[in-house]
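Beneath this line is the structure, given in structure tokens, with notes to follow.
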Amino acid sequence: MTWQRAYHHARTQPHTSTTRRWIQKQRRAWPLLHPDQQQLLAHIDIAPPT
């Protein structure tokens, strides 16, 4: 539930400092995320680090 709430904020308020930190954490943890979570992030243009 916490992840979904943070995802919603990332989708609707992507420019807050809290959201930017959360996005960075998700990118670093990409291999540990469920494929559905990866797909949701990709849908809002968040990709794993290269």
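The values are calculated or read from the model by the stated rules, or taken from the named source; none is laboratory data. Worth saying up front: this structure is predicted, and the values here are computed from it rather than measured. Reconstructed Cβ throughout: ideal geometry from the backbone, glycine too, with neighbour counts over all protein chains shown. Just the protein is used for accessible areas: all its heavy atoms, side chains included, with ligands, DNA and RNA removed. Shrake-Rupley method; radii C 1.70, N 1.55, O 1.52, S 1.80 Å.
I'm checking my understanding of the structure. Among residues of the stretch 27-50 that are without any contact (Cβ under 8 Å) to a residue 12 or more places away in the chain and in a helix (DSSP H, G or I), which one is surrounded by the most Cβ atoms within 10 Å (Cβ to Cβ)? Here the answer is Gln38. Could you tell me whether any residue of the stretch 4-26 is aliphatic (A, V, I, L, M), assigned to a helix (DSSP H, G or I) and open to solvent by 40 Å² or more (accessible area, probe 1.4 Å)? No, there is no match, as no residue in the stretch 4-26 is aliphatic (A, V, I, L, M), assigned to a helix (DSSP H, G or I) and open to solvent by 40 Å² or more (accessible area, probe 1.4 Å).
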